[in-house]
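The values are calculated or read from the model by the stated rules, or taken from the named source; none is laboratory data. It should be emphasised that the depicted structure is a prediction, and the values quoted were computed from it without experimental measurement. Glycine gets a Cβ as well: all are built from the backbone with ideal geometry, and neighbour counts include every protein chain shown.
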Amino acid sequence: MSGSVINNKCVVIPVVIGFVKIDGSWQIYSITKANSGLEGELAVSQMPPEKMQVKLVHDSLLVFARSVQEKSTLKLYAHISNLWIEQRSLEEIDETFKAFYQFENRLMVLES
């Protein structure tokens, strides 16, 4: 699923959130900055139905917002896929996302 994030300097950054189905449950596989230009999309069979994608993104962003609020990616780390966990430690994920901690409660608007 692709979309945009606006940083604190009001720069729009395209992002792609990838999901993987493990033991019947969809989990975040990756969050990457989208490349510009035309690229092939993931095969339709690899993605959950659109309605579920929307729910997964909302739920995942809420977990992310709570992690930012708590200034710890422990909850986010528990929410990501095992494939991502194999690639990055909790400390690496925390270091990667600590720039978001300045937003504190401002991301909790996603909860409503």
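Points to keep in mind about this one:
- Restricting segment 32-57 to residues that are at pLDDT 80 or above and among the hydrophobic types (A, V, I, L, M, F, W, C), the residue that is surrounded by the most Cβ atoms within 10 Å (Cβ to Cβ): Leu56
- Pick from segment 62-93, criterion under 11 Å from the mean Cα position of the chain (by Cα) and farther than 17 Å from Ser25 by Cα, ranking: surrounded by the fewest Cβ atoms within 10 Å (Cβ to Cβ): Leu62
- Single residue of segment 1-34 satisfying the filter (in contact (Cβ under 8 Å) with a residue 12 or more places away in the chain and not in a strand (DSSP E or B)) that is nearest to Val63 (Cα to Cα): Met1
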